[in-house]
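Below is one structure, written out as structure tokens; the observations come after it.
The values are calculated or read from the model by the stated rules, or taken from the named source; none is laboratory data. Please read these numbers as outputs of a predicted model, since none were measured by experiment. With ideal geometry, Cβ positions are generated from the backbone for all residues, glycine too; neighbour counts draw on all protein chains shown. The accessibility values were calculated without ligands, DNA or RNA, using every heavy atom of the protein model including side chains. Shrake-Rupley method; radii C 1.70, N 1.55, O 1.52, S 1.80 Å.
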Amino acid sequence: MSGLRIVTVHCLQNPSSYITGILFIAASCVLATWIPRLLGQVTDSLRYGHAGEGDIAGFARMIVAVGAGRVIAGWAGRFLTHMKGRELTYTLRRELFAKWSTLSPSYYHTKSSGELISHALSDVDIVGDLVTLGLNMSVTGIATLIGTFWQMVVHVDWKLSVASVGPLLFIPVLVRRLGPAIRSQSHRAQEALDAMSQVTGEAVWGVRAVKAFGQEAVFNSRFEQRAEAIFEEKMRFARLSALFSSLVPLMVNIGFVFILGYGGFLVATKAISLGDFVAFTLYAVLLRLPLEQLSNVINIVQRAVPSLDRLATLLSVEPEIRNRPGALTGQVFHGDLLVDRLTFRYPGSDHDVLHDLSFSVRPGQTLGIIGAVGSGKSTLADLLIRLYDPPSGSIRIGGRDILDYSLATLRKGVACVPQEGFLFSGTVLENIGFSDEEPDEARAERCAVIAVVHESILQLPEGYDTEVGERGARLSGGQKQRLAIARMLYKDAPFQLLDDPLSAVDLTTERRILDNLRTLKASSGGGASSGKITIIISHRLSAVQHADEILVLQEGRIVERGSHETLLDSEGYYAFQWSLQNNLFSGDDGKEGNDDDKAYFPKDFPDNERQEPDALPAVFQVVCPEDLP
């Protein structure tokens, strides 16, 4: 879709409002062209002594009436066009947000948040200016030019009219020369604004990291560089726009020279009256405003074209993840989860990240998944909720291919705790009850109790009505994770997916949460007919030790599987990790370490993941008690 088509379609969808607005504005401009003629008639009447007090009063009443009609018509027309222009900006922002909600994560990997925010704010406002200011000034300029030229030709002298507008023929040459440069410079200015928006967002969202590393000066320098780039690009744009806007009135002034010379000659030779000359002079002055407005319109158009093209590009992006034709909608989401020989690679990649995975989970069962960083755990989670599309037939729920379900049906049946525990700006209650438009506070409190966050919420200034801040900035990492768990419980979906949900909580709180979840599962029946499918992805083995089956992933493959006891008996990677974590966090023998840690490395454990107990980084050696004075 071309950029200008966005505006064209909007205008065609609102023809009556725009036509009415244009007619009102044009009528206002035509009325304005009558005033110089009336003043010319007054001048002739006074010169020849034909005007009495009654005549002068009559002329005054006519001028007041024309002025009042001009104001009323102009206000009505501009109000209509501005109202529709605001509707266009609202519609564009709504369409942009709706489009972004359909796009897959891979799209956002190539776009910065600052760039997208700039599209939604700056570009949309520029397009709104095109429809409101641009349209108003275009109609005003064209109507005033036509009305003025008509009055000059018909009621004064056509030869003088032609002489006065001759220099105006150079304006198209200016447009051709300067227009492309103005348009290109506007595009560069918008790109500079995108870059500054990105740095600003990073500085705000990463303020803790910036302060922790003492990098305030670095980010200030980056911001100053981006701000300086915007200033330079905007100044180049301003210079070009100012040059164009100044040259157009110059053409009018040159025409005014012709009027004074040739018009004075016509008055001296009695070809026109002094009143006609006064009226013509006023018409010449009146020409200046519409020409300046039309030059501003050209600037607005040149500035809006890059923004329209950027918006059109965004709105034309096709989502990679979409519903199949005839996708199931409104169907109850339940049944066994079956993953059958799943192999997957990311779009544009040349290697697989998951290799031949097969497993099944029945309702009422819990599946645990562990593995080193980069083993494919989160990729598997993304495929289960179709943030990326798996190969056809590789994932089935209730006997149907996951691709057969509509995205709305699939995601309605899944409650997820994301790895980062993301929270939205709003209150605690709104975040827990995110799946409801009107959250139930009693239900939210029950979920918070299970997630062991209820007591923390009550200690907040306004309890459940406390604003959590952007991305939950007012809460600790552990509180955010527990709120995310409560949000999952509140949704009460048949499929629960927890991606490393307890990494930011202490072990005591972790045990309480896991005990509560097991109690909830037992009280709800937990059978195949009524239970939920639960998948827990975690680095902490204590989070998955009570799962019905545990999968160990390594480089996208299942290298071990079984129950907690079975995997301990196998003395593989899982057994090593269990021994390591158990010694580090609780200690079987009450000690904090074990000199025989090396014995727990399985035979096939990668050498690059081995670390001798004595080979600690220097920072750790500095704070060891035995090294302190």
Take SER392 and tell me if it is open to solvent by less than 10 Å² (accessible area, probe 1.4 Å), more than 23 Å from ALA484 (Cβ to Cβ) and of a type outside the set (A, V, I, L, M). no
Starting from the range 65-87, take each residue that is free of Cβ contacts under 8 Å to residues at least 12 places away in the same chain and in a helix (DSSP H, G or I) and list its partners that are among the hydrophobic types (A, V, I, L, M, F, W, C) and surrounded by fewer than 17 Cβ atoms within 10 Å (Cβ to Cβ), counting only C-beta distances under 8 angstrom and pairs at least six apart or across chains. none
Any pair with Cβ under 6 angstrom, 6 or more apart, that starts in the range 330-353 at a residue that is on the phi < 0 side of the Ramachandran plot and touching a residue at least 40 places away in the same chain (Cβ under 8 Å) and ends at one that is open to solvent by 80 Å² or more (accessible area, probe 1.4 Å) and not in a loop (DSSP other than H, G, I, E, B): LEU338/ARG396; THR343/ASP356
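Residue-by-condition table, conditions (1) part of a loop (DSSP other than H, G, I, E, B); (2) open to solvent by 30 Å² or more (accessible area, probe 1.4 Å):
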| residue | (1), (2) |
| --- | --- |
| PHE333 | yes, no |
| SER349 | yes, yes |
| ASP352 | yes, yes |
| PRO363 | yes, no |
| THR379 | no, no |
| LEU383 | no, no |
For the structure I just gave you, tell me whether GLU430 is surrounded by fewer than 18 Cβ atoms within 10 Å (Cβ to Cβ), of a type in the set (Asp, Glu) and free of Cβ contacts under 8 Å to residues at least 40 places away in the same chain. no
Residue set ALA522, ALA484, ALA504; condition open to solvent by less than 10 Å² (accessible area, probe 1.4 Å) and either touching a Lys or Arg at 6+ places or on another chain (Cβ under 9 Å) or outside any loop (DSSP other than H, G, I, E, B) (or both); output residue ALA484
Within the range 201-218, identify whether any single residue is in a helix (DSSP H, G or I) and modelled with pLDDT of 75 or more, and answer yes or no. yes
Scanning the range 120-132 residue by residue, those open to solvent by 10 Å² or more (accessible area, probe 1.4 Å), touching a residue at least 60 places away in the same chain (Cβ under 8 Å) and not aliphatic (A, V, I, L, M) turn out to be SER122, ASP129
Flagged pairs (Cβ under 8 angstrom, 6 or more apart or on separate chains; first in the range 226-246, surrounded by 14 or more Cβ atoms within 10 Å (Cβ to Cβ); second of a type in the set (Lys, Arg)) are GLU233/ARG188; ARG236/ARG188; PHE237/ARG303
